[in-house]
Amino acid sequence: MPPARKIKGRQGAEAGQSAEERQSAEERQSAEERQSAEAEQSAEAGQSTEERQSAEGRPRRMGRPRKKPQRSALAPREQILEVAGRLFAARGVVEVSMLEIAETAGLRQSSLYYWFRRKELIVAEILQQVNRLPLSYAQRLEASGEAADVQLWRFVRFDVETVCGFPLEITEVHRFSERDPAAFATYWAERRALTEAVAAMVRRGVGEGTFREVDAYLCALTVLAQDESVQNWYRPEGAGRVHPLAASDRAALGYRPAQIAELVADQTVGGLLARPSRLEALRRVAAGAGRAGTGEEPS
């Protein structure tokens, strides 16, 4: 049957495409879809309120129409982010298209482009929590007035637990961000603010005499990189993808985020202490009564 041959031929051609060709095709398709969405929005903007209400038979609702009935209690923008996060976690950012996000969210593509004009903006929005949660926590720690070594131990524990629960692979997103630096400008600005907040803890520890002399900013850079390195093998439950290292070593899947976070905190702060023998006593203080003072939930 001719139609079947055409479909098979097209599928064969798509299978033979390189990653660069698929990306280029997706970008061309995205541009065409954005133009279509803009034309639709312009046409709607030219109608009067009465004309739109008459055409629809009811007052116009806020937001864009859905392709299928909404099954989520979330508003369209939040549902897009939730759906995209699940798809990115399962298959990776590069492999997921805007069409797939729209269909999974039950939206027309023009509706998706109403909220996010390109995939990079969706990724950047999801990524904000990687900086904002630990940055807010670091600010609460500073306001607590506790010793710098206690603050840093608590911060590392919190940051690692946050990373363990984050659905996207951070290093993959960092590479993806090179495609659209403007979309990720806020993320990188907040990343620098987070690095400076950690560096400030280290400087205070050096000034208090509890940490040995180190380059505080360089130390902060390596602390954050080490926290994120747990994603080299750990994935949150239900993330869809299992890292090859964990797949080859099933014992790696048996650790809880709290176990991982406390070990990394021990290693980080223990390596900075002027008197490493203090680590056990410091750990008891940091892991104990201070959670309520910073709003941190018990593990």
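The values are calculated or read from the model by the stated rules, or taken from the named source; none is laboratory data. Because the structure is predicted, anything quoted here is derived from the model rather than measured. Because the Cβ atoms are built from the backbone with ideal geometry, glycine has one as well, and the counts that use them run over all protein chains shown. For the accessible areas, the whole protein counts, side chains as well, though only heavy atoms, and no ligand, DNA or RNA atoms are used. Shrake-Rupley method; radii C 1.70, N 1.55, O 1.52, S 1.80 Å.
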Å² per residue, accessible surface of the stretch 88-173 at 1.4 Å: 32
F211 long-range amide H proximity, modeled H, under 5 Å: V206, A274
Share of carbon and sulfur in the accessible heavy-atom surface of the stretch 129-221 [1.4 Å probe, %]: 55
Ratio Rg/Rh, restricted to the stretch 136-191 and using Cα atoms, in which Rh is the Kirkwood radius: 1.09
Within-13-Å neighbourhood charge of Q226 [Cβ basis; K, R +1; D, E -1]: -3
Efficiency of FRET from Cβ geometry, A252 and E78, R₀ 45 Å, rounded to 0.05: 0.85
L168, L221, reordered so the largest accessible area comes first (probe 1.4 Å): L221, L168
Cut-off 12 Å between beta-carbons: net charge of the residues surrounding L194, Lys and Arg +1, Asp and Glu -1: -2
Other-chain or far-sequence residues with amide H under 5 Å of G92's (modelled H): none
